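Shown next, in structure tokens, is the structure this report addresses.
The values are calculated or read from the model by the stated rules, or taken from the named source; none is laboratory data. Everything quoted here is computed from the prediction, not taken from an experiment. Cβ placement follows ideal geometry from the backbone for every residue including glycine, while neighbour counts extend to all protein chains displayed.
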């Protein structure tokens with residue numbers, strides 16, 4: 001059932017994101033053309049095109065957040081939620097579906113944005129600079145051996161977990177806000193700020209308590225054969 005819910009959620013949300021991704025890539029190529037052609041007559045179109053490109057990137061970021069909030073609130077906490085919960089699926093499966101799809105679009109939005117920027121700046125000089133950078137990094141990375149792979153893997157896992165934690169915080173805030181009979185939006189914002197403060201306190205305690213052990217762990221990886 002989780003697979004069916006994921007397919008439905010992807011179909012519903014892709015209508016929003018895929019056109020924006022396509023538009024971003026199109027303007028990346030347009031800006032690439034304007035950057036290649038050096039003409040004073042194209043100054044105004046160049047500025048307009050670059051402005052639209054930046055607006056689309058910002059729009060994708062904002063839309064990712066809006067869709068994360070809207071899909072959870074509308075599908076699970078509004079009147080539509082009654083229909084969702086009539087399905088023979090546990091409540092956590094609905095939440096897991098929303099989290100996975102939100103994570104998917106967050107990651108894809110970052111990848112597409114970086115790809116579009118790469119399309120614009122890619123030229124012989126940039127490619128050579130990237131090659132030189134990799135030529136310097138790869139030997140250092142190889143010195144770490146398996147520890148380097150472990151660090152990269154852990155970095156990816158930490159980034160994904162942090163993103164999921166942020167999504168979970170948003171969901172929890174929306175849920176708390178809906179418990180209020182009035183001013184649900186303000187209650188949700190207040191809950192989000194409260195959760196943020198609690199997370200900062202817990203993070204500070206963990207860093208203070210385990211900071212030395214974390215440092216020892218990285219030293220161990222660095223000295224591992």
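Here are some notes:
- Single unsatisfied condition, residue 77 versus (1) over 22 Å from residue 123 (Cα atoms); (2) surrounded by 15 or more Cβ atoms within 10 Å (Cβ to Cβ); (3) at pLDDT 90 or above: (3)
- Residue 162 vs. criteria surrounded by 11 or more Cβ atoms within 10 Å (Cβ to Cβ), assigned to a helix (DSSP H, G or I), modelled with pLDDT of 80 or more and out of contact with any strand residue (DSSP E or B) (no Cβ under 7 Å at 6 or more places or on another chain): no
- Here the condition is being at pLDDT below 80 and surrounded by 15 or more Cβ atoms within 10 Å (Cβ to Cβ); of 147, 181, 109, it holds for 147 alone.
- Looking across region 191-202, the residues that are in contact (Cβ under 8 Å) with a residue 12 or more places away in the chain and surrounded by fewer than 16 Cβ atoms within 10 Å (Cβ to Cβ) come down to 196, 199.
- Among residues that are surrounded by 13 or more Cβ atoms within 10 Å (Cβ to Cβ) and on the phi < 0 side of the Ramachandran plot, residue 126 is not included.
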